[in-house]
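Here's the structure, in C-alpha cells; my notes come after.
The values are calculated or read from the model by the stated rules, or taken from the named source; none is laboratory data. Predicted, not measured: the structure shown is a model, and the values here were computed from it. Cβ placement follows ideal geometry from the backbone for every residue including glycine, while neighbour counts extend to all protein chains displayed.
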Ligand SMILES: Nc1ncnc2c1ncn2[C@@H]1O[C@H](COP(=O)(O)OP(=O)(O)O)[C@@H](O)[C@H]1O
Ligand SMILES: [Mg+2]
C-alpha cells in the first residue's frame with residue numbers, strides 16, 4: 001500500500017443485531033439479545049463472560065453451526081450460513097478424533113490434497129506444535145495439553161483465515177494452561193490469522209487479547225469492549241495490567257478480591 | 001470310587017478356603033482350578049447316586065447311571081472324536097453360524113448406520129426393528145421351515161434373525177450417541193458425504209459396533225443348537241437330539257454340550273480380539 005495509514009483495520013467479521021433464542025418445551029429462552037460486534041483482520045479477540053451467558057452460542061452462530069433468529073453475520077462482507085474450512089472451530093473437548101493418530105487428525109482437512117503435499121503440511125504443523133515423534137500416537141496416549149495442541153495444529157493445517165476457539169484451555173491444569181497461552185500467542189504472531197477465543201477466565205483474556213469483549217448473562221449482551229494495548233509478554237503484576245483487570249471485573253460486575 | 005470323589009471334593013474345598021492366604025496372581029490360578037475340580041467331583045457323586053443295576057438273564061449284572069459321570073462323558077467325547085462326528089458336526093454348525101452372522105453384519109451395519117444418521121430412515125426402519133426384536137428367533141422356526149424346507153437355509157435364516165437385531169440396534173445407537181463436535185468438525189473441514197462416513201461416522205461407531213457383534217455372535221451360537229434340533233441331519237444341535245432319540249445316549253448329549261460351550265468361548269475370544277485394534281481401543285478403555 002502506498003498510503004500506510006489507508007487500511008489500518010480491515011474489517012473481517014461484522015455482527016449486527018444478532019439474536020438467538022432456544023425453545024425448551026413451551027418455554028423460550030432468549031440467549032443472545034441484539035449483539036453488535038466487529039473483528040478486524042488479524043486481530044486476537046477474547047469473548048469473556050460468566051458461564052451460561054451465551055458465549056458458546058455466539059461462537060457456534062459465528063462458526064455457521066447454528067442459525068441466528070435475527071440479525072446478520074458477515075465475514076469479508078459475505079453472509080455466514082454454514083461452516084467453512086476458511087474458518088475453523090476448535091472445540092474444548094471431543095474436537096480431535098480418538099480413533100485417528102496425531103498424523104491422521106492433523107490431515108483431516110487435507111484429504112483431497114496429493115499425498116506428498118499432505119505429508120509435508122502435516123510434518124510442518126507437527127513441528128510447529130512440538131509433537132515430533134508422536135505422529136503415530138493416538139489421542140488416548142497424549143496428555144491434555146498435547147491433545148489441545150493437536151486440535152490447534154489440525155485447525156492451522158488448512159491455513160484458515162479465522163480460528164474460533166471455545167474455551168480451548170478450559171480442561172487443562174493451570175500450569176499447562178499458562179504454557180499453552182504462550183504457545184497460542186507464538187503461533188498467532190507467526191501465522192497472523194484472526195482469532196476469536198471464548199473464555200470465562202479474566203487473566204486468560206488479558207494475556208491473549210488485543211480486545212476483550214465482555215458479555216453479560218441472560219440475555220447475553222455486550223457489556224463493554226476493552227482494548228488491551230499492552231505489549232507481549234504481559235506481566236500480571238504490572239500496574240497497567242491490573243488496571244485493565246479491574247476494568248474487566250467492573251464490567252462483569254464481580255469483585256476481584258476474596 | 002465314591003470315597004475318592006469325596007476326598008477330592010473335600011481337598012478342592014479346602015484349597016478354595018486356604019487360597020485366601022496366597023497372592024492374587026496365585027489365587028487367579030488356584031481358585032478356578034480348585035472350583036473346577038470341586039464341580040467335577042460333585043458332578044461325579046451326583047451321577048453315581050443315580051446308578052442302577054440291569055440284570056439280563058444269562059449275562060453279568062451291569063451297573064448304569066441315569067446321568068453320565070464325567071468319566072463316561074470323556075469316553076463319549078473320545079468316541080465322537082474318533083468316529084469323526086465331532087469335527088463334522090462342529091463344522092456344520094459353525095458354517096451355518098458364520099453365514100447367518102456375516103449376512104446379518106453385512107446388512108445390519110449399513111442399515112444401522114443409515115437409520116442412526118438419517119431421521120427419515122429411522123422413522124421408516126426403527127419401529128419395525130423394535131417390533132420384531134423381542135420375538136425370539138426360535139419362534140421363527142416354523143416359518144423358516146415352511147419357507148426353506150429342512151435345509152441349511154432354514155437354520156441360517158434363524159441365525160440371521162438372531163444376530164441381525166442386536167447389530168442394527170447397536171450400530172444405530174452408536175451413531176446416535178456420537179458427540180456433535182465430531183460431525184461439526186467434519187463439516188467444518190469440508191468433508192463430503194462419503195468422507196464423513198468413512199472418516200468420522202463409521203470409526204466413531206466402531207467400538208459399539210464391535211460390542212454389538214459380540215452380543216450377536218453369542219446369540220447366534222445360543223440359537224444354532226435349537227435351530228438344528230429341528231430335523232436337520234447334522235450339527236451339534238442335531239447331535240444332541242439324535243443321541244437322545246437313538247438309544248438314550250446321555251453321555252453323548254453331555255459331551256456335545258461341553259463342545260458347544262468350548263466353541264462358544266472360542267468364538268467370543270475371537271471377537272474380543274477385535275477390541276484390540278489400534279483405532280478402536282479408545283472405545284474400550286475407561287480413563
Ligand atoms: N441447544 C440448546 N437448547 C436449549 N438451551 C440451550 C442450548 N444451548 C445452550 N442453551 C442455553 O443457552 C444458555 C447459554 O449457553 P452457552 O452458550 O453454552 O453459554 P456459555 O458458553 O457462555 O457457558 C444456557 O442457559 C444454556 O442452557
Ligand atoms: Mg460454553
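Based on this model, can you work out whether residue B:128 counts as exposed (fewer than 13 other Cβ atoms within 10 Å of the Cβ), free of Cβ contacts under 8 Å to residues at least 24 places away in the same chain, within 12 Å of chain A (Cβ to nearest Cβ) and part of a helix (DSSP H, G or I)?
Judged against the criteria, residue B:128 is not a match.
Taken over segment A:101-127, the criterion of being assigned to a helix (DSSP H, G or I) and loosely packed, with under 14 Cβ neighbours inside 10 Å is satisfied by A:115, A:116, A:117, A:120, A:124, A:127. For residue A:111, the conditions (1) in the same structural domain as residue A:228 (by TED's automatic domain parsing); (2) under 28 Å from residue B:179 (Cα atoms); (3) without any contact (Cβ under 8 Å) to a residue 24 or more places away in the chain are fulfilled apart from (1). Regarding residue B:69, is this residue under 24 Å from residue B:250 (Cα atoms) and over 26 Å from the mean Cα position of the chain (by Cα)? Taking the combined requirement at face value, the residue does not satisfy it.
Taken over segment A:78-96, residues that are within 7 Å of chain B (Cβ to nearest Cβ) and without any contact (Cβ under 8 Å) to a residue 24 or more places away in the chain amount to 2. Checked against (1) within 14 Å of chain B (Cβ to nearest Cβ); (2) within 12 Å of ligand 1 (Cβ to nearest atom); (3) loosely packed, with under 14 Cβ neighbours inside 10 Å, residue A:23 passes all but a single condition, namely (1). Residue count for segment B:21-32, restricted to those that are touching a helix residue (DSSP H, G or I) at 6+ places or on another chain (Cβ under 8 Å) and in a helix (DSSP H, G or I): 4. Evaluate the following for residue B:277: is it surrounded by 21 or more Cβ atoms within 10 Å (Cβ to Cβ) and within 14 Å of chain A (Cβ to nearest Cβ)? The answer is no for residue B:277.
Please determine whether any residue of segment B:35-51 is touching a strand residue (DSSP E or B) at 6+ places or on another chain (Cβ under 7 Å) and not in a helix (DSSP H, G or I). Taking every residue of segment B:35-51 in turn, at least one turns out to be touching a strand residue (DSSP E or B) at 6+ places or on another chain (Cβ under 7 Å) and not in a helix (DSSP H, G or I). Scanning segment A:205-247 for residues that are within 16 Å of ligand 1 (Cβ to nearest atom) and at pLDDT 90 or above gives A:205, A:212, A:213, A:214, A:215.
Criterion first (surrounded by 19 or more Cβ atoms within 10 Å (Cβ to Cβ), in contact (Cβ under 8 Å) with a residue 40 or more places away in the chain, more than 30 Å from residue A:62 (Cα to Cα) and in contact with a helix residue (DSSP H, G or I) (Cβ under 8 Å, 6 or more places away or on another chain)) does residue B:236 satisfy it?
Here the answer is yes, as residue B:236 does meet what is asked.
Determine if segment A:41-63 includes at least one residue that is more than 11 Å from ligand 1 (Cβ to nearest atom), within 14 Å of another protein chain (Cβ to nearest Cβ) and without any contact (Cβ under 8 Å) to a residue 24 or more places away in the chain. Scanning segment A:41-63 turns up no residue that is more than 11 Å from ligand 1 (Cβ to nearest atom), within 14 Å of another protein chain (Cβ to nearest Cβ) and without any contact (Cβ under 8 Å) to a residue 24 or more places away in the chain. The lone criterion from (1) within 16 Å of ligand 1 (Cβ to nearest atom); (2) within 14 Å of another protein chain (Cβ to nearest Cβ); (3) out of contact with any strand residue (DSSP E or B) (no Cβ under 8 Å at 6 or more places or on another chain) left unmet by residue A:118 is number (1). Looking at B:141, B:158, B:150, just one residue is part of a loop (DSSP other than H, G, I, E, B) and under 26 Å from the mean Cα position of the chain (by Cα), and that residue is B:150. Annotation note: of B:212, B:185, the sole residue that is surrounded by 15 or more Cβ atoms within 10 Å (Cβ to Cβ), on the phi < 0 side of the Ramachandran plot and in contact (Cβ under 8 Å) with a residue 40 or more places away in the chain is B:212.
Checking each residue in segment B:164-194 for being out of contact with any helix residue (DSSP H, G or I) (no Cβ under 8 Å at 6 or more places or on another chain) and either under 16 Å from residue B:119 (Cβ atoms) or more than 8 Å from chain A (Cβ to nearest Cβ) (or both) picks out B:180, B:192, B:193, B:194.
Residues in segment A:5-20 that are more than 9 Å from ligand 1 (Cβ to nearest atom) and touching a helix residue (DSSP H, G or I) at 6+ places or on another chain (Cβ under 9 Å): A:13, A:15, A:18.
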